[in-house]
1. Restricting to region 17-156, compute how many DSSP beta bridges are antiparallel as a %, nearest 5.
2. Against the 2.2 N^0.38 Å scaling, with N counting residues, where does the chain land? I'd like the Cα-based Rg ratio to two decimal places.
3. Tell me, how many Å apart are the Cα centres for region 137-158 and for region 5-84?
4. Checking the a/c ratio against 1.5 first, then a/b against b/c, what shape does the Cα gyration tensor give for region 62-152?
5. Reachable lysines from Lys141, Cα under 26 Å, same-chain residues fewer than 8 places away excluded?
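No value in this document is a laboratory result; all are computed from the given coordinates. For clarity, every value in this text was computed on a predicted model and none was experimentally measured.
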Amino acid sequence: MGNSPIEEYRATADWPYHISSGGIVFRVRDAALEILVLYRNEPDGKHYHLPKGTLHHDETLEDCARREVAEESGATAEIIGYLGALQQEYTWKGLFHDQTKHYFAMEFREMVREHDDEHDGTEWQSLDIARENLAKTEPNKQEFLILDRLEKFLQLTK
């Protein structure tokens with residue numbers, strides 16, 4: 001496969017399959033559920049995302065989720081459950097991707113460093129506001145659906 005990835009499951013010109021893992025970092029503050037979201041400043045305003053990234057060959061989905069959350073948000077969090085995956089097909093920079101994105105429910109522990117430069121910042125938002133922002137600014141990614149799964153998961157584990 002001439003152009004195959006060496007260390008991670010990233011789509012290439014020869015192989016479209018891409019695996020990512022990440023999480024919904026949450027906390028309860030003043031009896032209200034809050035979600036840690038990332039944002040990029042775009043010409044039309046902030047675009048919101050959940051932390052996630054490409055799986056390395058030598059790591060588990062859980063390890064990838066913890067690593068990506070720490071890199072992209074600066075937070076550490078404990079995985080408390082699996083929220084399933086989203087499948088997305090798209091073309092980016094002329095390259096077709098067939099991406100599977102796995103998500104975990106992750107309970108916030110602490111901010112340990114600054115976020116990386118992939119995003120412009122982080123915000124704590126209520127579940128409803130985070131869902132609205134994800135749906136409005138990046139509807140094709142469908143990450144708002146994962147917030148619905150988190151809400152249901154947390155109700156089931158009470």
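1. Details: 34 of 44 bridges.
The antiparallel fraction comes to roughly 75 percent.
2. On the way: Rg = 15.5 Å, N = 158, 2.2 N^0.38 = 15.1 Å.
With N residues counted in the chain, Rg over 2.2 N^0.38 Å equals 1.03.
3. Here the answer is 14 Å between Cα centres.
4. Details: a/c = 1.42, a/b = 1.26, b/c = 1.13.
Rounded, because the longest to shortest axis ratio a/c is under 1.5.
5. Filter leaves Lys46, Lys52, Lys93, Lys101, Lys152.
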